[in-house]
1. Name the single residue that is farthest from the chain's Cα centre (by Cα) among those in segment 43-54 being surrounded by fewer than 19 Cβ atoms within 10 Å (Cβ to Cβ) and touching a residue at least 24 places away in the same chain (Cβ under 8 Å).
2. What tally of residues in segment 90-121 results from selecting those that are surrounded by 17 or more Cβ atoms within 10 Å (Cβ to Cβ) and within 13 Å of residue 181 (Cα to Cα)?
3. I'm checking my understanding of the structure. Among residues of segment 145-173 that are under 17 Å from residue 203 (Cβ atoms) and under 22 Å from the mean Cα position of the chain (by Cα), which one is surrounded by the fewest Cβ atoms within 10 Å (Cβ to Cβ)?
4. Can you name every residue in segment 189-209 that is within 11 Å of the chain's Cα centre (by Cα) and either free of Cβ contacts under 8 Å to residues at least 40 places away in the same chain or within 16 Å of the ligand (Cβ to nearest atom) (or both)?
5. Taking into account only those residues within segment 225-240 that are more than 18 Å from residue 65 (Cβ to Cβ) and either more than 16 Å from the ligand (Cβ to nearest atom) or over 13 Å from the mean Cα position of the chain (by Cα) (or both), which is surrounded by the most Cβ atoms within 10 Å (Cβ to Cβ)?
6. Across segment 45-61, what is the number of residues that are within 11 Å of the ligand (Cβ to nearest atom) and either closer than 23 Å to residue 189 by Cα or in a strand (DSSP E or B) (or both)?
7. Filtering segment 90-118 down to residues that are outside any strand (DSSP E or B) and within 17 Å of residue 64 (Cα to Cα), which residue is nearest to the ligand (Cβ to nearest atom)?
Ligand SMILES: Nc1ncnc2c1ncn2[C@@H]1O[C@H](COP(=O)(O)OP(=O)(O)OP(=O)(O)O)[C@@H](O)[C@H]1O
């Protein structure tokens, strides 16, 4: 059954929160608009001379409000990256409509940023110049982009490393630089594809803390792919669980816990463990067959 409102036509389970208010930094409660929406989306990759290819993802229906952080989890190959690539305009939907930041996605959308597991820093550029690259392409004046890059590097705890080259930084620092580069474009919407999966457990937690703080303080909207169930609970307002291929959303879990801006504290809460347990059940972690 679907619910219809002037803004969305999506599954009832997914919209039941959509008209609710969310807490903004400082405790203000503001009603928020939908920033990311998938309506009846499917995607297939037809090969040459192939009329009909099987769907990789199908019947994707969900809405994410401004300022929400939503994680996407699911078995390997279920189409999580494909979904994100449709959100960021890298892939077009085979059927259905993808809306981001108030417009239908038909190519790259302004004010949307993408961050991947690989930092993709250019080895021949200093860290500062790497952070400036998107602004250079967008023709932001030199003095302005230098100031923004310095500010972002400071916010990402890399002040003093502006003139270093990527090879002179640790993996965690490089990923911080990639985050600074992503945030320098002042995106409203972030698509994050396992941005911390290559980092060690402790560095990962520190970076999660920084990201959570930034997303919360600046009211960014984020859709975040992860295989780390604790990370999903620590960082998100909601978690969308996908089935195996053809991937579709089988469950939406609201993370009804405090400290979305402080994942280190949230991890310690008694409510965190049961939520991780529920996700393990949904993904059949530990069931015979899932171990191979
Ligand atoms: N450009 C493409 N052309 C053809 N097939 C593709 C393309 N991109 C993705 N696929 C296929 O879509 C399926 C889903 O891939 P996708 O990377 O979206 O899954 P995923 O859930 O992100 O996987 P993982 O968790 O392992 O990263 C795979 O079978 C993949 O081969």
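A short reminder: the numbers here are calculations on the coordinates, not readings from a lab. Computed from a prediction, not measured in an experiment: that's the story for all the values here. Counting neighbours? That spans all protein chains shown, and the Cβs are built from the backbone with ideal geometry, glycine included.
1. Selected residue: 54.
2. The total comes to 7.
3. 171
4. 191, 192, 193, 194, 195
5. Among those that are more than 18 Å from residue 65 (Cβ to Cβ) and either more than 16 Å from the ligand (Cβ to nearest atom) or over 13 Å from the mean Cα position of the chain (by Cα) (or both), it is 234.
6. Residues that pass the stated criteria total 3.
7. 105
Okay, residues lined up against (1) closer than 20 Å to residue 88 by Cβ; (2) more than 16 Å from the ligand (Cβ to nearest atom); (3) under 14 Å from the mean Cα position of the chain (by Cα):
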{"position": "211", "(1), (2), (3)": "yes, yes, yes"}
{"position": "219", "(1), (2), (3)": "yes, yes, yes"}
{"position": "223", "(1), (2), (3)": "yes, no, yes"}
{"position": "242", "(1), (2), (3)": "yes, no, no"}
{"position": "247", "(1), (2), (3)": "yes, no, no"}
{"position": "256", "(1), (2), (3)": "no, yes, no"}
{"position": "260", "(1), (2), (3)": "no, yes, no"}
